[in-house]
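As structure tokens, the structure follows; a few thoughts come after it.
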Amino acid sequence: MKVLNNNHVRVVLLVWIVMMMMTILMSMTLTATRTPQEWKTRSIYQIITDRFSPTNSNPNQSCLLYTYCGGTFTGIINHLQYIKNLGFNAIWISPIVMNLPNGYHGYWMKDLFKLNPHFGTESDLLKLVKTAQSMDIWVMVDVVFNHAGPVGFDFAEISPFNQSSHYHAFCEISDWTNQTQVEICRLADLPDLDQSNPFVFNTLNSWISNYIIDYFGFDGIRIDTVAEVPKSFWSNLKQNILIPKNGNIFAIGEVFNGDLNYVAPYANILGSTLHYPLYFTLRNIFAQSGSMYQIRNIMQQARSLVKDTSVLGIFIDNHDNPRFLNFNSDYKLYQNALTYVLMSEGIPIFYYGSEQGFSGGADPQNREPLWTTNFNENSYLYLFVQKITNFRNSHIQELIQNPLQVERYAANNFYAFTRGQIFVATTNVGSNYNQLQFTITYHPYQNGQVLCDVFWPQDCITVVNGQFTITLLNGESKIFYPQH
């Protein structure tokens with residue numbers, strides 16, 4: 001059976017290689033995947049494909065959030081300009097493989113080498129990648145190496161991993177401090193692939209190399225459930241696939257853990273992970289009034305443990321956690337969190353719907369359909385985020401040249417930093433706090449230099465006697481830049 005199964009995979013791979021070459025010949029405009037250094041120029045808009053936009057112009061205005069709502073690849077194409085206008089130049093889309101019923105999110109793999117028909121066809125996906133790249137929007141795809149869809153113990157439904165030998169023996173993860181258990185047991189009863197099995201190992205590596213990277217031409221990959229797979233697998237992936245292709249393809253891994261000592265080794269192997277330790281810190285600071293000195297502590301710790309913090313994924317919302325506005329509905333606090341995420345060191349990731357004030361709770365309530373907003377480009381938060389991203393994009397070279405932020409002032413309720421000549425001031429006092437003032441004496445500016453706020457350009461201050469005073473009204477954030 002093992003020989004037959006391997007032959008089957010060889011045939012499948014041969015078919016895909018032939019199709020890949022045909023596609024390349026027909027369309028030579030697909031851009032090669034990008035390196036971590038190149039991704040520093042990007043800010044990412046995260047999409048749940050099923051929840052962004054359907055193909056038709058009369059979408060379902062209400063849907064059951066635990067199953068398919070109708071979003072497609074073509075729907076994303078139709079609204080790429082909405083994303084570009086918001087100021088983002090990369091998108092992260094859901095896993096594309098065929099899923100078991102109700103797998104609208106993409107994480108319940110049924111067939112590794114077929115697309116999810118709910119999202120569209122191969123030609124639709126190729127068109128999405130090509131169209132986005134033509135608009136200078138890079139495309140990152142979510143991928144899963146850890147598990148298949150929830151089939152219990154009848155693996156015949158999964159292709160090509162259709163035998164029990166392709167999976168670890170049954171157990172559920174109950175102790176997250178037991179790394180062996182984390183790697184060999186099931187997460188949420190999802191069959192756990194055994195990457196030490198040669199067939200599983202070779203198939204997964206062929207799939208990511210030949211199908212995901214070469215055939216579709218994605219610019220980068222986001223890897224799900226990284227800590228649930230042995231580090232040796234990721235080391236092999238990095239050294240034998242990601243680095244050889246285009247001089248180091250950008251991959252960002254998900255290690256859902258707030259402990260930097262736990263997360264850092266994965267970041268150093270893959271090159272980048274989602275910065276969950278900072279996420280939990282920022283949520284505590286801005287949603288729960290925690291001390292802003294925590295930013296200093298987490299940044300110092302990250303730099304001591306992670307080889308390159310400037311490529312970590314920075315976020316305040318995503319599909320696996322209740323939205324910020326569900327924890328705290330104060331828009332001023334949210335604006336401060338967004339200001340920090342979009343301007344701090346790292347690659348910013350912005351969750352779809354945040355620009356429309358979505359406030360859903362735990363999964364699936366945080367996965368609302370965006371089309372119910374009619375893609376409003378005049379909403380309060382859309383315009384607020386747009387100001388930051390437009391400024392970020394126009395000063396991207398300065399940000400690249402200054403990848404690490406320099407702390408300029410820290411207090412329990414105030415934190416300020418610079419990147420080059422850009423000065424960012426944030427607070428966690430909220431909208432009910434009338435006025436907050438801090439005098440800045442540690443900064444990179446000359447006497448007489450005039451600094452103006454990105455949000456209110458008429459709000460300018462002058463450096464006098466080596467210092468200037470920041471005034472924040474009603475819990476606002478500010479971004480100052482020298483007037484030339």
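The values are calculated or read from the model by the stated rules, or taken from the named source; none is laboratory data. What you see is a predicted model; the values in this text were computed from it and never measured. Please note: Cβ atoms are built from the backbone with ideal geometry, for glycine as well, and neighbour counts cover all protein chains shown. Remember, those area values only see protein heavy atoms, side chains included, never the ligands or the DNA or RNA. Shrake-Rupley method; radii C 1.70, N 1.55, O 1.52, S 1.80 Å.
Observations
- Among the conditions (1) in contact with a helix residue (DSSP H, G or I) (Cβ under 6 Å, 6 or more places away or on another chain); (2) within 15 Å of Val97 (Cα to Cα); (3) open to solvent by less than 30 Å² (accessible area, probe 1.4 Å), the only one that Ile223 does not satisfy is (1).
- Some residue of region 215-223 being among the hydroxyl-bearing types (Ser, Thr, Tyr) and within 14 Å of Pro160 (Cα to Cα): no
- Residue within region 250-260 that is part of a helix (DSSP H, G or I) and over 29 Å from Leu115 (Cα atoms) present: yes
- Entirely in region 442-484, the strands (runs of 3 or more DSSP E) that have 2 or more residues that are closer than 25 Å to Ser394 by Cα and free of Cβ contacts under 8 Å to residues at least 24 places away in the same chain: 460-462
- Which listed residue is open to solvent by 10 Å² or more (accessible area, probe 1.4 Å), under 24 Å from Asp50 (Cα atoms) and in contact (Cβ under 8 Å) with a residue 40 or more places away in the chain, from Asn318, Asn326: Asn326
- In region 361-392, the residue that is nearest to Ile316 (Cα to Cα) out of those that are free of Cβ contacts under 8 Å to residues at least 60 places away in the same chain and buried (at least 18 other Cβ atoms within 10 Å of the Cβ) is Asn366.
- For the criterion of being part of a loop (DSSP other than H, G, I, E, B), at pLDDT 50 or above, polar (S, T, N, Q) and crowded, with 17+ Cβ neighbours inside 10 Å, Thr41 passes.
- Every residue from region 428-456 that is touching a Gly at 6+ places or on another chain (Cβ under 6 Å) and open to solvent by less than 30 Å² (accessible area, probe 1.4 Å): Gly430
- The residues of region 171-220 that are open to solvent by less than 20 Å² (accessible area, probe 1.4 Å) and part of a loop (DSSP other than H, G, I, E, B), listed by number, are Cys185, Pro191, Gln195, Phe216, Gly217, Phe218, Asp219.
Per-residue answers, yes or no, for (1) touching a Ser or Thr at 6+ places or on another chain (Cβ under 9 Å); (2) in contact (Cβ under 8 Å) with a residue 60 or more places away in the chain; (3) hydrophobic (A, V, I, L, M, F, W, C):
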{"site": "Lys245", "(1), (2), (3)": "yes, yes, no"}
{"site": "Ala251", "(1), (2), (3)": "yes, no, yes"}
{"site": "Asp259", "(1), (2), (3)": "no, no, no"}
{"site": "Tyr262", "(1), (2), (3)": "no, no, no"}
{"site": "Ile269", "(1), (2), (3)": "yes, no, yes"}
{"site": "Thr281", "(1), (2), (3)": "no, no, no"}
{"site": "Ser291", "(1), (2), (3)": "no, yes, no"}
{"site": "Gln294", "(1), (2), (3)": "yes, no, no"}
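Results for (1) of a type in the set (Lys, Arg); (2) under 20 Å from Gly217 (Cα atoms); (3) under 21 Å from the mean Cα position of the chain (by Cα); (4) open to solvent by 20 Å² or more (accessible area, probe 1.4 Å), shown as yes or no for each residue.
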residue: Thr55; (1), (2), (3), (4): no, no, no, yes
residue: Leu64; (1), (2), (3), (4): no, no, no, yes
residue: Leu80; (1), (2), (3), (4): no, yes, yes, no
residue: Phe88; (1), (2), (3), (4): no, yes, yes, no
residue: Ser94; (1), (2), (3), (4): no, yes, yes, no
residue: Met98; (1), (2), (3), (4): no, yes, no, yes
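- Any hit, region 232-243, residues being modelled with pLDDT under 95, farther than 24 Å from Glu368 by Cα and outside any helix (DSSP H, G or I): yes
- Filter result (farther than 23 Å from Leu193 by Cα, in contact with a strand residue (DSSP E or B) (Cβ under 7 Å, 6 or more places away or on another chain) and not acidic (Asp, Glu)) within region 205-219: Phe218
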